[in-house]
Amino acid sequence: MKEFAFGTEPPGSGRICVVGAGFMGCVIATLYAHHGYDAVICDSNQTMLDTYVERARPIAAGLVENSDASEAMLAGVTLEPDLASAVEGAFLVHEAVQESLEVKQALFAELDRICPENMVLATNTSSFLISDIAAQMTRKERMMGIHYVTPGHIVPVIELIHAADTPAELVAWSRKLVQNIEHVGVAILERPGFLVNRIQFAMLTEIYRLMDEGLVSRSP
Ligand SMILES: NC(=O)c1ccc[n+]([C@@H]2O[C@H](COP(=O)([O-])OP(=O)(O)OC[C@H]3O[C@@H](n4cnc5c(N)ncnc54)[C@H](O)[C@@H]3O)[C@@H](O)[C@H]2O)c1
C-alpha cells in the first residue's frame with residue numbers, strides 16, 4: 001500500500017484539534033478525550049471556550065461513571081482561541097463550526113494553508129458536499145467528512161463521507177479512527193442527505209403516508 005503523508009493508520013493517542021466549541025464540537029472533543037486523545041478545542045468566541053466544561057459535563061457523565069475521573073478528563077481538554085496554536089502538533093483537525101458553506105470554505109482554505117501536509121482535515125458538515133467545502137484547498141486529498149450523528153456520544157454510527165477522488169486509504173484511515181473511539185464508520189460517496197438523513201426522511205415519509213391512510217394516529 002502506498003504510504004500517505006498522514007500514514008496508513010491513525011495513532012491511538014496524540015493531539016486532535018476540534019474547531020468550533022458549539023453543540024457538536026463539545027461532543028466530539030469530549031469523546032476524543034474520553035478515548036485517550038489529547039483534545040484541543042478552538043473557538044473564535046471566547047465565551048464558548050469559557051463555558052465548555054459546564055456544557056460538556058452532562059456528556060462526560062454519560063461516558064465516565066466516576067465524577068472525579070470525569071472532571072479530570074474535562075480539565076485535560078485544552079481551550080485555545082488561536083487557530084494556529086490550536087492545530088500545532090495535531091494529527092487531525094475536526095471542524096464543527098456552524099453549517100455555513102462560506103464559513104467552512106474560508107476555514108478549510110486557512111487550515112490547508114497553515115497545517116502541514118501530514119495532518120488530516122475533517123468536517124462534521126451535515127449537508128454540504130465535501131468537494132464544495134474543499135473548493136479553495138490545494139491539498140484536497142487529506143479532506144474527509146467524519147459526521148457524528150446526534151447525540152454523538154450515544155449513537156455509535158459515524159458517516160464517513162468522501163468525494164469521488166478521495167484516496168481509499170484516507171477512508172480506511174477514518175474508519176480506523178472511529179473504531180478507536182468505539183464507533184462504527186459507514187462510508188458513503190458524497191451526495192445530498194448522505195445516508196442517515198436519507199433513511200430518516202424515508203421513514204418519516206412512510207409514517208406520514210400511514211397517517212394519511214388513517215392506519216396510524218398520534219393518539220392512542
Ligand atoms: N447540532 C446538531 O444536532 C448537529 C448534528 C450533526 C451535525 N451537525 C453539524 O455540526 C456542525 C456544528 O454544528 P453545531 O450545532 O455544533 O454548531 P454551533 O452553532 O452550536 O457551534 C458552532 C461554533 O463554531 C464557532 N465558530 C464559527 N466560526 C469559527 C471559526 N472560523 N473558528 C473557530 N470557531 C468558529 C462558533 O463560535 C460556535 O461556537 C455543523 O456543520 C452542523 O451541521 C450538527
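The values are calculated or read from the model by the stated rules, or taken from the named source; none is laboratory data. Keep in mind the model is a prediction, meaning the values are calculated, not measured. Cβ atoms come from the backbone with ideal geometry, glycine included; neighbour counts cover every protein chain shown. Side chains are part of the model used for accessible areas, which takes the heavy atoms of the whole protein and leaves out ligands, DNA and RNA. Shrake-Rupley method; radii C 1.70, N 1.55, O 1.52, S 1.80 Å.
Is it the case that segment 123-130 has a residue that's within 21 Å of ILE41 (Cα to Cα) and more than 13 Å from the ligand (Cβ to nearest atom)?
no
Return the only residue of LEU107, LEU101 being surrounded by fewer than 23 Cβ atoms within 10 Å (Cβ to Cβ), within 7 Å of the ligand (Cβ to nearest atom) and either on the phi > 0 side of the Ramachandran plot or of a type in the set (A, V, I, L, M, F, W, C) (or both).
Among LEU107, LEU101, only LEU107 is surrounded by fewer than 23 Cβ atoms within 10 Å (Cβ to Cβ), within 7 Å of the ligand (Cβ to nearest atom) and either on the phi > 0 side of the Ramachandran plot or of a type in the set (A, V, I, L, M, F, W, C) (or both).
Please count how many residues of segment 137-157 are modelled with pLDDT of 95 or more, within 14 Å of the ligand (Cβ to nearest atom) and outside any strand (DSSP E or B).
The total comes to 0.
Select, from GLU190, GLU182, GLU206, the only residue that is open to solvent by 60 Å² or more (accessible area, probe 1.4 Å) and farther than 24 Å from GLY36 by Cα.
The match here is GLU206.
Between ALA168, ALA187, ALA172, which is in contact (Cβ under 8 Å) with a residue 24 or more places away in the chain and out of contact with any helix residue (DSSP H, G or I) (no Cβ under 9 Å at 6 or more places or on another chain)?
Answer to the selection: ALA172.
Quick one: would you say ILE28 is near the ligand (Cβ under 10 Å from one of its atoms) and within 28 Å of GLU169 (Cα to Cα)?
Yes; evaluated as a whole, the condition is true for this residue.
Out of the residues in segment 125-153 that are touching a residue at least 60 places away in the same chain (Cβ under 8 Å) and under 23 Å from ILE181 (Cα atoms), which is most open to solvent (accessible area, probe 1.4 Å)?
Looking at residues that are touching a residue at least 60 places away in the same chain (Cβ under 8 Å) and under 23 Å from ILE181 (Cα atoms), I get THR150.
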